[in-house]
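A short write-up of the structure that comes next.
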Amino acid sequence: MIDPSLMSDMLSPFLVSLKLAAITTLCLLLFATPMAYWLAKPSRGHFVARVKVVLMGIIAMPLVLPPTVIGFLFIITA
């Protein structure tokens, strides 16, 4: 049988992960969904189209940056 105090220590990281997942999901539903809708709509003005392109670049940055940073780290440490 598992000691109850050990069980609470084992359960704590799971609860933190669950709380983080719930907060992240809520934030994405509130902010990312309207932004995705706005980005998907056709642009009426030239300025709005440029803002959308810049915003899409910022949104894609986390997808592109990590492999680049890891590659740079390999170059520096080699």
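The values are calculated or read from the model by the stated rules, or taken from the named source; none is laboratory data. Quantities reported herein were computed from a predicted structural model and do not represent experimental measurements. Here the Cβ positions follow ideal geometry from the backbone for every residue, glycine too, while neighbour counts run over all protein chains shown. All accessible areas refer to the heavy atoms of the entire protein, side chains included, with ligands and DNA or RNA removed. Shrake-Rupley method; radii C 1.70, N 1.55, O 1.52, S 1.80 Å.
Could you work out what % of the accessible surface of the chain is carbon and sulfur, using a 1.4 angstrom probe and leaving DNA, RNA and ligands out of the count? Mind showing how you got there, number by number?
Values: 5640 of 7050 Å².
Carbon and sulfur together cover 80 percent of it.
Before rounding to the nearest 500, sum -39500 (n - 2.57) across all DSSP H runs of length at least 4 in the chain and divide by the residue total; then give [θ] at 222 nm in deg cm²/dmol.
On the way: 3 runs with 64 residues, N = 78.
Counting only the DSSP helices, I get -28500 deg cm²/dmol.
Of the listed values [x] 1.24; [y] 1.38; [z] 0.94, identify the label whose number matches Rg/Rh (Cα atoms, Kirkwood Rh) calculated from this model.
[x]
Mind checking the chain for trypsin sites (Lys or Arg not before Pro) that DSSP puts in a loop (not H, G, I, E or B) and that have at most 15 other Cβ atoms within 10 Å? Numbers along the way, then the final one.
Working: sites: K19, R44, R50, K52; in loops: R44.
Sparse-neighbourhood loop trypsin sites (Lys or Arg not before Pro): R44.
At 1.4 Å probe size, with every protein chain present, just tell me what the per residue accessible area of the chain comes to in Å². It would help to have the intermediate numbers written out before the result.
Values: 7050 Å² over 78 residues.
I get 90 Å² per residue for this part.
Could you tell me which helices of the chain pass both thresholds, a Cα extent of 18 Å or more along their own axis and a mean Kyte-Doolittle hydropathy of at least 1.6, with helices taken as whole DSSP H runs?
Details: long enough: 4-27 (34 Å, 1.21); 46-77 (44 Å, 1.88).
Membrane-span-like by this rule: 46-77.
Return the whole-Å distance between the Cα centroid of region 1-39 and the Cα centroid of region 47-78.
Result: 26 Å between the Cα centres.
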